[in-house]
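Data block below; observations after.
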Amino acid sequence: MTWAGYRLGAGDRGWTLLAFVFSVPLIGVAIASPLVHLVHEGFGWLSEQPMRRWQGRYYSFNSVQVRVLDEGDRLWFCVEDIIKACDVRAIAAVLPGTREVEGLHCLDIDGIERLHETHRNAQLTRLLLWARREVVTPWERKKSGSLIPK
């Protein structure tokens, strides 16, 4: 549009500036919606990146994220998260039954039971019940196929 004003005015600055003044709002309206959508999608994508690895595997106990990993035929609970959620005084790397899964020190449900037997903490009792009810049982149902409608 600015070029057309320049050609119509035969190189006169007045016509060129007039065409530019009218073309800028039209260009702004044309690119506003795509620009807003692009920024919204970009920031949405960016905010999801730190948790993308845990998408679909987020569990919370006592307002603490407990990372649960599916390795082979067992579920592994991150020991650091258990210690933090239950206020247990222990070192994750030296607990019996600890296994490193994806760079995290983890215990399976039997290891959590042994931890409960050695530390006898009320929060560990709650965590054990929560883990069986909210994590292990649905995982076993999903794995056996009993959740698939027939």
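The values are calculated or read from the model by the stated rules, or taken from the named source; none is laboratory data. Predicted model only: the values in this text are computed from it and were never measured. Cβ sites come from the backbone with ideal geometry, for glycine too, and all protein chains shown count toward neighbours.
Count of the range 1-59 residues, restricted to those that are exposed (fewer than 11 other Cβ atoms within 10 Å of the Cβ), of a type in the set (D, E, K, R) and under 30 Å from Ile82 (Cβ atoms), is 3. Taking the range 74-150 and the helices (runs of 4 or more DSSP H) fully enclosed by it, the elements with 2 or more residues that are surrounded by 14 or more Cβ atoms within 10 Å (Cβ to Cβ) and either in the same structural domain as Ser60 (by TED's automatic domain parsing) or not aromatic (Phe, Trp, Tyr) (or both) are at 79-86, 109-119, 122-130. The criterion of being in a helix (DSSP H, G or I) and either within 16 Å of Val135 (Cα to Cα) or at pLDDT 85 or above (or both) does not hold for Glu48. Of the listed requirements (1) modelled with pLDDT of 85 or more; (2) over 19 Å from the mean Cα position of the chain (by Cα); (3) on the phi > 0 side of the Ramachandran plot, Asn62 misses just one: (2). With respect to the stated conditions, Asp12 fails to be under 17 Å from Val135 (Cβ atoms) and among the acidic types (Asp, Glu). Assuming Ala92 fulfils every condition listed in (1) touching an Asp or Glu at 6+ places or on another chain (Cβ under 7 Å); (2) of a type in the set (Gly, Ala, Ser); (3) modelled with pLDDT of 85 or more apart from one, which condition is it? All conditions pass for Ala92, except number (3).
Checking the stated criteria, Leu26 turns out to be in contact (Cβ under 8 Å) with a residue 24 or more places away in the chain, assigned to a helix (DSSP H, G or I) and on the phi < 0 side of the Ramachandran plot.
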